Amino acid sequence: MNTILDALTNAREGIILVEYPSKGHPELTFFEIVNRWRQKGITPLIVDIWDTLHIFIQNLKFEGKELDISDVPVIKERGVVKTGKLIGRVDVMEDFDYHLAAYGQLARRVPEQSRNHTIVVGMEKFSFPFIDNPPKLERYFERVTRRYLTIENRTNFLFLNTDIASEYLRKGLELDSDYVVKIDGRNVQLLKSPGVTENGL
């Protein structure tokens, strides 16, 4: 885990898809990413979809790990549990144009030092309202993912539960991501990178 995550948290830009099974303990990788960025003086923006952030923090507590994110800016997309320093929330997901406009308004409130490093948790839940509608999923990629997750001088970690996500969503995110890693507990496997092998990291 250390070698791969060290390299990814040092990346200057790119979309990094973190795939995990339902019992894969993604909170451990989330914990490592946040701490590695903290050590570099980076406080990331967290996008919390359907209270996934709360679940991650609670699971860390069950494992005896404390992660203070009281100063970490958070944009919530649906859900009810306030975790971190809440910037605002977007409750409409199905109307992509409205979603982008609302998200854009909130993004202006994010502190400058947090705008280039983002962690999105609960990616699989975003598509729940249209999970069996491939044409709408494709519009989602065109209108949302490829618009607000620009990669120039930005690093974005996207956490995706592959047991819940549709195959179409998973493959679409894999296609759009610069790096893809598969995690299960403390095991991390590099599946995709821009011309770099795992040994090369």
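Okay, helix-only estimate at 222 nm for the chain: each DSSP H run of n ≥ 4 adds -39500 (n - 2.57), divide by all residues, round to 500 deg cm²/dmol; what do you get? Write out the running numbers ahead of the final one.
Values: 7 runs with 66 residues, N = 201.
The helix-only estimate for the chain comes to -9500 deg cm²/dmol at 222 nm.
Just grab the label-to-label distance for Asp163 and Phe128, each label 7 Å out from Cα along the Cβ direction, in nm (one decimal).
So the label points at Asp163 and Phe128 sit 1.7 nm apart.
Mind listing which trypsin sites (Lys or Arg not before Pro) in segment 17-97 are in a DSSP loop and have 15 or fewer other Cβ atoms within 10 Å? Display every interim value, and only then the final one.
On the way: sites: Lys23, Arg36, Arg38, Lys40, Lys61, Lys65, Lys76, Arg78, Lys82, Lys85, Arg89; in loops: Lys23, Lys40, Lys65, Arg78, Lys82.
Those that pass, being in a loop and sparsely packed, are Lys23, Lys40, Lys65, Lys82.
Of (1) 1.01; (2) 1.20; (3) 0.95, which is the value of Cα Rg over 2.2 N^0.38 Å derived from the coordinates here?
Computed from these coordinates, Cα Rg over 2.2 N^0.38 Å corresponds to label (3).
Longest segment of the chain with no GluC sites (Glu not before Pro) in a DSSP loop having at most 15 other Cβ atoms within 10 Å? Display every interim value, and only then the final one.
Numbers: sites that count: Glu13, Glu63, Glu66, Glu94, Glu152, Glu198.
Longest site-free region, per DSSP loop and neighbour criteria: 95-151.
Suppose each label sits 7 Å from its Cα in the direction of the beta carbon; what would the Gln113-Asp6 distance come out to in nanometres?
Between Gln113 and Asp6, the simple spin-label model gives 2.5 nm.
Amide H to amide H, which residues 5 or more places from Val72 or on other chains are under 5 Å from it, using H placed in the peptide plane?
Residues meeting the criterion, in which the H sits 1.01 Å from N, are Lys85.
Read-outs throughout are calculated quantities, based only on the coordinates presented, and are distinct from any laboratory measurement. Note that this is a predicted model, so its numbers are computed, not measured. Cβ coordinates were reconstructed from backbone atoms using ideal geometry, including for glycine residues, and neighbour counts include every protein chain displayed.
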